[in-house]
Amino acid sequence: MDQNQILTKLLALLASVAPDIESDSVDAERDLRDQFDFDSMDTLHFAAAVSEEFGIEIAEAEYPRLASLRAAAKFVEERLAAKR
């Protein structure tokens, strides 16, 4: 799975966690908190969804690695590569 495929899945997960966010308006490079007032509960739900979707463990200390969609995609890509 390449980074663009991961980004697409992450965008869908983001929409499921925060349905008020319009997919077209998401800047993959910008911090979700800055763009959408993403709070700690949103982060927790997003991390749980990412963990379930990709079958990876995400420790609370690693939540900052999910700050933007691009950062989250890189994190997931690294985790998936380590599982191979």
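Below, the figures for the structure above:
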{"quantity": "Dipole of the range 1-56 [Lys/Arg +1, Asp/Glu -1 at C-beta], most positive-end residue of SER25, ALA49, ALA12", "calculated": "ALA49"}
{"quantity": "Segment SER25-ASP39, extension gain: residue separation times 0.36 nm, minus the distance between their alpha carbons", "calculated": "3.2 nm"}
{"quantity": "Environment charge at ALA59 (Cβ cut-off 12 Å; Lys +1, Arg +1, Asp -1, Glu -1)", "calculated": "-1"}
{"quantity": "Residue-count net charge about LYS9 - beta-carbon cut-off 12 Å; Lys, Arg +1, Asp, Glu -1", "calculated": "-4"}
{"quantity": "Highest to lowest packing among 5-14, 57-66, scored as the average C-beta count within 10 Å", "calculated": "5-14, 57-66"}
{"quantity": "Positive-pole candidate from SER68, MET1, SER40, dipole of the chain, charges at beta carbon", "calculated": "MET1"}
{"quantity": "Cβ charges +1 (Lys, Arg) and -1 (Asp, Glu), total dipole of the chain, debye", "calculated": "460"}
{"quantity": "Summed side-chain charge close to SER68 - residues other than SER68 whose Cβ falls under 10 Å, Lys, Arg +1, Asp, Glu -1", "calculated": "+1"}
{"quantity": "Cα-based Rg of the chain normalised by 2.2 N^0.38 Å, two decimals", "calculated": "0.98"}
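Just so you know, all these numbers are worked out from the coordinates, no wet-lab data involved. Keep in mind it's a predicted model, so treat the numbers as computed, not measured. Cβ coordinates were reconstructed from backbone atoms using ideal geometry, including for glycine residues, and neighbour counts include every protein chain displayed.
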